[in-house]
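Just so it is clear, none of the values below were taken in a lab; they were calculated from the coordinates. Values in this document were obtained by computation on a predicted structure and should not be read as measured data. All Cβ positions, even for glycine, are placed from backbone atoms using ideal geometry, and neighbour counts span all protein chains on display.
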Amino acid sequence: MKRSTIILIVILAVLAGLIIWLVRWMSGGFSARDQPSALEAFLARTSLALSIPSKAKEEKNPFTASEDLLRGARNRYEDNCALCHANNGSGLTDVGKNLYPKPPDIRGTQVQNLTDGELYYIIHNGIRLTGMPAWGPARNDSESWKYVLFIRKLPHLPDSEIQQMNDANPGGESRERH
Ligand code: HEC
């Protein structure tokens with residue numbers, strides 16, 4: 001057999017394999033309700049980590065948390081973030097639970113182990129091909145840094161404060177089971 005024939009057969013076999021895989025994948029449906037597979041989640045996590053420039057990871061927050069600043073950031077979090085991320089950060093709102101991929105629990109280690117610079121970069125630029133929008137303008141912005149301080153505070157908010165947020169912003173109430 002000629003070399004070019006062998007190459008052609010290999011290409012056709014790979015194409016046939018791809019088509020079979022695609023048909024099987026599609027017959028499973030495309031519901032956003034599903035959980036991404038472990039492989040998909042791993043690939044998405046790795047590409048997100050690689051897409052953040054190392055200089056951005058090391059940036060320090062120019063603001064320090066004061067009561068006033070945290071109150072303002074909390075109000076903006078209720079308005080802009082809680083619909084998907086929930087008032088308490090769980091991500092278990094009607095919208096958050098049905099996104100694909102789903103917002104992670106902001107109080108958990110996956111998010112809290114990110115550096116301030118990484119959090120700022122994600123909030124400022126958003127995450128492509130997900131529901132996470134870019135919040136900052138093209139240049140640097142102070143609001144995204146203030147969200148970072150609020151995100152650090154979220155795991156320690158007392159139940160009474162979460163209750164105040166739920167009263168002010170029912171759409172952001174977490175639907176987790178207790
Ligand atoms: C329309 C829904 C939506 C809104 C509104 C939204 N987010 Fe997100 N966010 C997401 C989704 C979905 C992800 C997960 C993306 C992924 O899997 O890579 C995410 C991821 C994040 C992450 C990264 C977590 C991680 O480790 O992957 C942070 C931090 C974050 N959002 C903060 C915010 C803040 C702050 C706001 C408001 C200013 C906000 N988000 C508004 C949907 C949203």
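The chain: D in µm²/s via Stokes-Einstein (Kirkwood Rh, Cα pairs, 25 °C, 0.890 mPa s)?
Value of D from the Cα-based Kirkwood radius: 131 µm²/s.
Angle between the Cα long axis of helix 142-153 and the longest principal axis of the chain, 0 to 90 degrees, nearest 10?
80
Does a label point 7 Å from the Cα of K60, set along Cα-to-beta-carbon, have any residues of the stretch 95-133 with amide nitrogen under 18 Å, and which are they?
Zone members listed by number: 115-121.
About the Cα centre of the stretch 63-178, how large is the charge dipole given +1 on each Lys and Arg Cβ and -1 on each Asp and Glu Cβ? Please answer in debye to the nearest 20.
320
By how many nm would the segment from D68 to I127 lengthen if fully extended, with 0.36 nm per residue of separation less the alpha-carbon distance?
Contour length minus the Cα-Cα distance gives 18.4 nm.
Compute the acute angle (0 to 90°) between the alpha-carbon long axis of helix 116-125 and the principal axis of greatest extent of the alpha-carbon atoms of the chain; round to the nearest 10°.
The two axes meet at around 70 degrees.
For a protection proxy built on the mean count of beta-carbon atoms within 10 angstrom, sort 101-111, 61-71, 11-21, 136-146 highest first, please.
Averaged packing, sorted descending, gives the order 101-111, 136-146, 61-71, 11-21.
Step through the residues of the stretch 74-83 one at a time and calculate ³J(HN,Hα) from phi using the Karplus curve (6.51 cos²θ - 1.76 cosθ + 1.60, θ = phi - 60°), rounding each to whole Hz and writing x for Gly and Pro.
4, 4, 6, 4, 4, 5, 9, 10, 5, 4
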